[in-house]
Structure formats: structure tokens, C-alpha cells
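The values are calculated or read from the model by the stated rules, or taken from the named source; none is laboratory data. These numbers were taken from a predicted model, which means no experiment stands behind them. As a convention, Cβ positions derive from the backbone with ideal geometry for all residues, glycine included, and neighbour counts pool all protein chains shown. Accessible surface areas use protein heavy atoms only, side chains included; no ligands, DNA or RNA. Shrake-Rupley method; radii C 1.70, N 1.55, O 1.52, S 1.80 Å.
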Amino acid sequence: MSDESFNWREFLGRWQQEWVPRADADEDEEETAAGPGRPGADEAAIAAAEERLGRRLPPSYREFLTVSDGWHVDQTAGVYQLGGAADIDWFRDPYDMSLMYEENLGDHPRSEEVLLAGMWRRALRLETDSDMSNALLDPGDVDEDGEWALYVYKGWGGEMPQRYPSFRAYMEAMYRGFHADRVERPDFVNATTRAQDAHVTEARLLALRGRFEEALPLLEEAFSFGRPGSAVLLNQLRHLLAPHSSQGYGDLVADPRYLPDILPVEAMSPARGEWLSSGDDHWLGMMSARGVAREAAETVLGALRDGTYRYAPPGAWGQAVAEARESARWGAYDGAWRVLREALPCWESPGPSLIAPLGLLADPVLGPLITPERGRELLATPRSGETGPVPEPVPDLDPPGLAWLTEPAANRQPLDGYRCVWVQGVDPARMPALIGEEGAGLSAPTDPRTASWRAPQPHEREGVELWEDRAVVAVGRTAEGWAFAFDGSSHRRLHARFVSPAPAASASGRAVVVWRDATSGAPGDRPAAFHVSVAEHGAELYAFTVRGTEIHGSGAIPGALDPARLFRPEDTEPDRELRLLEALHTELGLSLPRFALTRGRLHTFTTRSWTRAPRDGEGFAYAYISRGRSGVRDQGSGGG
């Protein structure tokens, strides 16, 4: 970073002119009364220092000394005073920091780690007064302009040193810190504070007009100066750009205008269990300290935990939110986003501190659909009465059909075992009545990926036989209008006692069952089985089961679904599975919403058993393995 265009006299003069002590500073200190600067050093003094040190000083620090021979940095805790040309000297690592850092380098250290380990012995110490802290210029860490990196090490903090690419970069950061430390002083008003406050106002309007990329640097700079309102606005932009991150909103949560958006968002972290070490009382205490009634905070936290919280803003935007939730809760996340996208211009800010519908993030059904891409689209859409260009729509996330079941996704392998019941022309809310266990009802929307393994095992449920296979299924509606009940965590194996739910599900229309059973993946394990059964008005039309080269079928199977054609002996198992899933989509119009099943929230219920009771002479063994527990239960004898 070259200093050729940087005016040290103007920069330090502005700092000196704006100087006021911190509210907690000792007013009697001479440096506090006089301001931070000193008269500049002449060339002879600087040259003498360089001769004593045996090195020419880096450009930005050398130029600084000509304007001010030292500086009162006045950090709250850290470096207080930088010395002048006669004060600086080599650090010489009096505490053997090099040894400690070298011991932790490892076998393949990064270049920056090697630089830091050697910095302690070769660094130039600048501070003359500090709180167990050092300001160290490193002649071994030099950029193309000859600038030495500056490290600030706070010995009481136990943290890695903070690196600045040059002395100038350090001083500019300290100037911003000087402003941030004094932001609460009512008499601290100057040209810099007025300019930064104007940036906050401008950034808010830019954000509402969809020009968030222009607003971001303005808010980041204002935030570095500690200007009021900058953090709240900046955190909203950052939160929507990274929807799964956590951001803080301070006392904004206590303002009745913003509480419906901010309190649920603040409660997301403890609801996810991220406050387990300190417990709910700590978070509730924080909210109380900010002015939120404990009962209100407890209610929102409980609703987020059990999945019953609803983001319900007023007006036309609120109507769109309700319509989108109805679509999303049955799996149509792309359709839900289209509804929200169209209505975004109708969103009205309840006050100047809210620039986006932040409460969406906390809704258990709608929150997951705000991906980083959609967060950017939301921020790029003009709203709250402002106008501007409309962004290009983000592409839909759900692929057509079923082929995605064979594909790996982020952070997971392809689904091993899965099973699904589709019913044509039926409201998905009726699925528990068609195939559910006695008394089954829909749960609150939950994560389909965890619903199954969190459910009680047969041996843990009163009145459930060990041989029963009651699936916990996620419920929704496909783009083609089929209701579905999907179990994507099935670790069961297809066997002779399997009873297809298709006839029971088809009481009022066509029903299809597909089951790909799980494999252990162990060498010599038997191949996966694939089952398809189709029923209508309570009667099975056709069915087939394939395992390896064995095919068992019944009824008039359509040619497009002929297992002999789909399951060719020379093909690999993944090829067979893909061909079957593509044929089911083409022939029967079956699909599943990938986003809802892998990243969203859906209603669930428990089905009736997919296996029949053992007959005379049949036996069974029940094994279970889960986190921290395992076991086997046996009953009967004979084939199972």
C-alpha cells in the first residue's frame, strides 16, 4: 500500500482537531488534555534512529514521524502511546514467544505461520505505554511497496496477534476506533461523524431500492466508525446473504415496531440448541435486560422449538406470506418463493431500522426457502415504497421427476433406502386416514431427515409388536397433484411379509408404492430390492419386486414399466435404479420435491405396519442400532 497519495498531515491534523477524551479517560493526563500528537521529527532525528537500528524505516512510518514524532493512540485496552524516533527499539522477544510459535508450526506450516513465528525476534517495538500490549513492526513481512506489517499483541488476551499490512493501515484502524470509542458522547460531533451518518441514511435508501451492493460498503465503513444504526442495518444485509448465520440486533428487539421480526430471529439460536451450555435462562435474561417481557420471549422460543411459530406480518405482504406457507408446508417451495417474490414490493418497513422482512428467517416452514441465492434476490428487490430495477429471478431449485433420489447432494450421499406412497387427486391432509396408524395425525412441520430416527422404536411403544414396521413419513403434494408420504430414512429390508399400502391408499383413486430397500454396503451383501405396486379403488392392479436377477411380478404390468426391460443383467445397480425412476416419472407422472425433503420442513405421521404378523412356523428377529444404544429382540422360530 503506497503512501504517495496519502496526506499524513491532513489525516493527523483532522484527528488532532477532532480530539476529545473518552468518557472514561483520566482528564488529568497531559496527553489527554493536549491531544494525541507531537511536533514532527526532523530528518536528522529519523536518520539517527535508522543508524542506531541498522535499518531504514518503512515508508508510511517514516512519513508519519515527519508529521508527528509519536502518537497517543488511547485504546480502551491495548496500546496507549506510540513512541517517537528516539523511543523505538528492537523487541528481541523477551518472553520467548518464538519458541512457543515454532513448536506449534506442524509438519506443513503455511507461509504466514512461519512469518509470525519468526516475527518476535526481528520485530521493531513502537509502543511506550500500553496495557500489556505490543505494537510490533516486522521487517521480515514486507510488501511490494516496502511496507512492514504491523502486529498488535495483547498479552492479557491469549489471542493471536492482530496483523495490519502496514503502519498506515494500523493508524487508520486506530482512527476509526477513536471514533467508535466516543460515539456515546453527545459533544462528539464533527465533519467525520456527520459524513458517516449521512452514509447510513444513504445506505438505508439504497438497500430499500434493491441496491444493497452499493449500501454494503457504506454501512461497513460507518460501522467501523461506530455510527448509530449502522450495525443493525449491516447485520440485516449480512443475515439475508448468509441466512443460516447468526446476527445480533441489540436493543432493537425491545421496540414494539420491530419485535415481531427481531425477537423470533434472536430466538433461533437457542431454539436450535446453541445455548445448551448456558441454558434458556441466560438467553431469557438477556432479552429481559433489553426490555422484552419474559413471557413473550418464552412463548416465541417455545413455538420455534416445537415448530408452531408463524411469521404473520400485516397487509398484502402478510396475505402473500400465508399463501406461500400453505404451498411450502406441502412441499412446493419453489411455488412458495414465487408468491413471495411477486409480493416483495408490497412489504412495508414498520420503522427506519428495518430494511427487509427479517422475520421470514424464523418461520419454520418459510425460513428454509431463503437460500443465499434467494436472500440476494430479496435484497435486490425494491420494497417499502421505493423503486428500482427488478432482479433476474433465481432459478427453481426442484428438478422434475425422481432421478434426484440417486444423486449425491451437499453434505450427504445418495439416499440408500427409501419408500413412498403416492395417491392421485387426494388432499395430502387425508393421508393419515388412508394409511396411518390408529389415531395418526399430522405433526407440526419438522425436518424430514430427522423425523424417522427421532421416533420411538417398536420396543419403546406400548401396544406395538416387535415385528411391526411403522414408518414415519413426510407428507406433501407433487407438482403433478399427487399426495405423497415419503420415508427417506428407511433402513428396513424388503422380505416375504411385506404388505403394500397401495390398496388401502387407493380407496378414492390411484395409488403407487415404490420401495428401494437399504443395503449395508458390506462385501457380499445381497443386492438392493426394488418394489413397485399400483392399486386403484382398493384393488391392486399390478406389482413387481426385483432383487438382483430375480423378478417377481403380478397383474398387467405396462410395457414401459416391464422390469425385464428396466433391470437388464448387464447394467449396474445405480443404472437400474435410475432407469426405473425415470420410467415412473414418464409413465405415471410421479415426482418428489427435493428441496422440501432435504432442506425444508414438512408434516409427518406414522403409518400402519408395512409388514404382516408372522404366521405359524414363521419367526422374526428385531435389531436396532441408534446413537448410544443397540439391541436385538427375538421371538418365534423358523424362516423370517
Being at pLDDT below 95 and in a loop (DSSP other than H, G, I, E, B) is the filter here, so list the residues in the stretch 401-416 that pass it. Glu407, Pro408, Ala410, Asn411, Gln413, Pro414, Leu415, Asp416
Hey, does the stretch 133-149 have a residue that's over 17 Å from Asp93 (Cα atoms), surrounded by 15 or more Cβ atoms within 10 Å (Cβ to Cβ) and in contact with a His (Cβ under 9 Å, 6 or more places away or on another chain)? no
Within the stretch 49-74, residues being surrounded by 17 or more Cβ atoms within 10 Å (Cβ to Cβ) and assigned to a loop (DSSP other than H, G, I, E, B) number 7
Within the stretch 88-132, restricting to residues that are aromatic (Phe, Trp, Tyr) and either outside any helix (DSSP H, G or I) or in contact with a Gly (Cβ under 8 Å, 6 or more places away or on another chain) (or both), the one that is least open to solvent (accessible area, probe 1.4 Å) is Phe91
Looking at Ala41, Ala77, which one is among the small types (Gly, Ala, Ser), surrounded by fewer than 19 Cβ atoms within 10 Å (Cβ to Cβ) and either out of contact with any Pro (no Cβ under 8 Å at 6 or more places or on another chain) or not in a loop (DSSP other than H, G, I, E, B) (or both)? Ala77
Could we say that Arg272 is closer than 19 Å to Ala380 by Cα and among the basic types (Lys, Arg) here? no
Just checking, does the stretch 292-311 include any residue being closer than 30 Å to Leu206 by Cα, of a type outside the set (Lys, Arg) and under 21 Å from the mean Cα position of the chain (by Cα)? yes
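Residue-wise test of (1) buried (at least 18 other Cβ atoms within 10 Å of the Cβ); (2) of a type in the set (Phe, Trp, Tyr); (3) without any contact (Cβ under 8 Å) to a residue 40 or more places away in the chain; (4) touching a strand residue (DSSP E or B) at 6+ places or on another chain (Cβ under 8 Å).
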| residue | (1), (2), (3), (4) |
| --- | --- |
| Leu344 | yes, no, yes, no |
| Leu360 | yes, no, no, no |
| Val365 | yes, no, no, no |
| Ala380 | yes, no, no, no |
| Pro393 | no, no, no, no |
| Pro408 | no, no, yes, no |
| Val423 | yes, no, no, yes |
| Ile435 | yes, no, no, yes |
| Ala444 | no, no, no, yes |
Just a yes or no: is a residue in the stretch 142-157 basic (Lys, Arg) and part of a helix (DSSP H, G or I)? no
Out of everything in the stretch 503-537 that is modelled with pLDDT under 95 and among the basic types (Lys, Arg), what residue ends up being most open to solvent (accessible area, probe 1.4 Å)? Arg526
Report, by residue number, each residue of the stretch 598-616 that is of a type outside the set (A, V, I, L, M) and in a loop (DSSP other than H, G, I, E, B). Arg599, Gly600, Arg601, Trp610, Arg612, Pro614, Arg615, Asp616
Residues (over 16 Å from Arg576 (Cα atoms) and loosely packed, with under 12 Cβ neighbours inside 10 Å) located in the stretch 538-551: Ala539
Listing of helices (runs of 4 or more DSSP H) fully contained in the stretch 160-278 that carry 3 or more residues being among the charged types (D, E, K, R) and touching a residue at least 40 places away in the same chain (Cβ under 8 Å): 167-181
Which condition breaks for Asp469 when tested against (1) farther than 17 Å from Leu597 by Cα; (2) open to solvent by 40 Å² or more (accessible area, probe 1.4 Å)? (2)
More than 30 Å from Ala539 (Cβ to Cβ), among the polar types (S, T, N, Q) and not in a loop (DSSP other than H, G, I, E, B) - does that describe any residue in the stretch 417-433? no
Would it be correct to say that Ser68 is touching a Lys or Arg at 6+ places or on another chain (Cβ under 6 Å), within 18 Å of Lys154 (Cβ to Cβ) and in contact (Cβ under 8 Å) with a residue 12 or more places away in the chain? no
